[in-house]
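Participant: Take this structure, written in structure tokens, and hold onto it; I'll ask about it next.
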Amino acid sequence: MKDQASTLRLLSALRAQGLAEERIEKMSQQHTGAYAVAVTGGKGGVGKSNVAVNLALALAALGRRITLLDADLALANADVLCGLNLRCHLGHVLAGERALEDVVAEVAPNVRLIPGGSGLDELADLGRAQVARLLAELRAMEARSDYMVVDTPAGIASNVIGLLCAANEVVIVTTPEPTAVVDAYATLKVLNKHAPDKPVWIVVNDTVGVGDAERIYRQLRAASDQFLRHRVELLGGVPHDPELVEAVCAQTPVVDYAPESPSSRAFRLIAKRLDQRRAACLFDRAPDFWQSFIERAGG
Ligand SMILES: Nc1ncnc2c1ncn2[C@@H]1O[C@H](COP(=O)(O)OP(=O)(O)OP(=O)(O)O)[C@@H](O)[C@H]1O
Ligand SMILES: [Mg+2]
């Protein structure tokens, strides 16, 4: 069951925006799954995990319920950023060693973390019955969330692209460094080949100058307009912030550690913008992240 209170809040916000009753009615009937947002970026260390974790918490502060999926197989660290050190992941669930609820951690009120671990890759190789059982559990969890925020690994391996294709929206994180921008474009190019209509947001992290985010976004947009014609939009910039570094060391997400720091403010703005998009997109389709992921993986 969806949380009725948050659905009602969403509907009244839409009414306040002047949307026609019949469209709202249609939306409320279609709205069945979590809105999946995959956070990625071609280059390692550009801030994907910090964006995913802080975005999840900022969305929760807006009254949404979040499932955070840590899909970084080799270097899982969303849990560490949240002050947890999880030993078990979806792989243990698939091996029958743990139940799903044993590996899921509550990182904050209304934010649950699923450590994917090797389990995400294994989902593709298992027999259908086993997959179906876990899939049913994951979907039940998804149905109790408004968002699924997916922290992906760096790079453009097929498992990463599979996660991006299964999501409703893709957030590509880059820094102003040319190498990061080139890698962000490479991600966009590969995604364009597999899912040319996937909406893509750009987050420019670790900016120092006022116009950095807009400038880097324009570069990516110009390249996309010329060679890919893929739809990209600027979700926002996150300034370089020493308090974010302190927060990482303190294993506390910066929006909790230093709520008034520049990066925390930026994460809240990003969450708001994304939440507005979700309200507008709920008309279009009932998302089903897990179904698409498994189908793409060939399970
Ligand atoms: N806005 C920022 N201001 C200052 N430092 C930052 C900022 N964003 C990221 N960093 C630094 O970059 C480090 C890496 O961030 P994070 O782990 O989020 O990157 P990642 O892209 O998830 O890395 P990986 O590719 O290893 O998964 C942080 O621990 C922090 O030290
Ligand atoms: Mg990471």
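Read the figures in this text as sums done on the coordinates, not as results from a lab. Keep in mind it's a predicted model, so treat the numbers as computed, not measured. Glycine also receives a Cβ, built like all others from the backbone with ideal geometry; neighbour counts cover every protein chain displayed.
Participant: List the residues, sorted by chain then number, that are 5 or more residues from SER118 or on another chain and whose placed amide H is less than 5 Å from its amide H.
Facilitator: Here GLY91 satisfy the definition.
Participant: Right, here's the next one. How do CYS281, CYS249 line up, fewest other C-beta atoms within 10 Å first?
Facilitator: Working: CYS281 15, CYS249 9.
Ranked by crowding around the Cβ, least crowded first: CYS249, CYS281.
Participant: Under a Cβ-Cβ cut-off of 12 Å, what is the net charge of the residues other than VAL93 that fall near it, where Lys and Arg count +1 and Asp and Glu count -1? Please report the intermediate quantities before stating the final value.
Facilitator: Numbers: positive: ARG98, ARG133; negative: GLU97, GLU101, ASP102, GLU122, GLU137.
For residues surrounding VAL93, the net value is -3.
Participant: Run through the stretch 232-291 and list the chymotrypsin sites (Phe, Trp or Tyr not before Pro) located in a DSSP loop whose Cβ has at most 16 other Cβ atoms within 10 Å. Walk me through the intermediate numbers first.
Facilitator: Numbers: sites: TYR257, PHE267, PHE283, PHE289, TRP290; in loops: PHE283.
Of the chymotrypsin sites (Phe, Trp or Tyr not before Pro), the ones in loops of the stretch 232-291 whose Cβ has at most 16 other Cβ atoms within 10 Å are PHE283.
Participant: Around ASP241, what is the net charge, scoring Lys/Arg as +1 and Asp/Glu as -1 over all other residues with Cβ under 15 Å from its Cβ?
Facilitator: On the way: positive: ARG265, ARG268; negative: ASP206, ASP212, GLU243, GLU246, ASP256, GLU260.
Its environment carries a net charge of -4.
Participant: Each residue of the stretch 186-193 in turn: what ³J(HN,Hα) in whole Hz from Karplus with 6.51, -1.76, 1.60 and θ = phi - 60°, glycine and Pro shown as x?
Facilitator: 4, 4, 4, 5, 5, 4, 4, 5
Participant: Next up: Quick one: which residues, 5+ away or cross-chain, put their amide H under 5 Å from the amide H of THR40? H built at 1.01 Å from N.
Facilitator: VAL171, ILE172, VAL173
Participant: Could you name the aspartates and glutamates in cross-link range of LYS193, using Cα to Cα under 18 Å and dropping any fewer than eight places away on the same chain?
Facilitator: Straight-distance partners of LYS193: GLU169, ASP183, ASP225, GLU295.
Participant: For GLU137, GLU260, GLU101, GLU177, what's the fewest-to-most ordering of other Cβ within 10 Å of each Cβ? Numbers along the way, then the final one.
Facilitator: On the way: GLU137 16, GLU260 7, GLU101 10, GLU177 13.
Sorted ascending by nearby Cβ count, the order is GLU260, GLU101, GLU177, GLU137.
Participant: I've got another one for you. Among the trypsin sites (Lys or Arg not before Pro) in the stretch 77-116, which ones are in a DSSP loop with at most 15 other Cβ atoms within 10 Å of the Cβ? Mind listing them? Mind showing how you got there, number by number?
Facilitator: Details: sites: ARG87, ARG98, ARG112; in loops: ARG87, ARG98.
Those that pass, being in a loop and sparsely packed, are ARG87.
Participant: Out of residues 5 or more away from TYR35 or on other chains, whose amide H comes under 5 Å of its own, with H placed 1.01 Å from N in the peptide plane?
Facilitator: Those lying under 5 Å, H to H, from TYR35 are TYR147, MET148.
Participant: What order do you get for SER145, SER263, SER292, SER158 when you list them from fewest to most C-beta neighbours inside 10 Å? Intermediate results must be reported in sequence, preceding the final value.
Facilitator: Working: SER145 22, SER263 25, SER292 17, SER158 12.
Fewest to most other Cβ atoms nearby, the residues stand as SER158, SER292, SER145, SER263.
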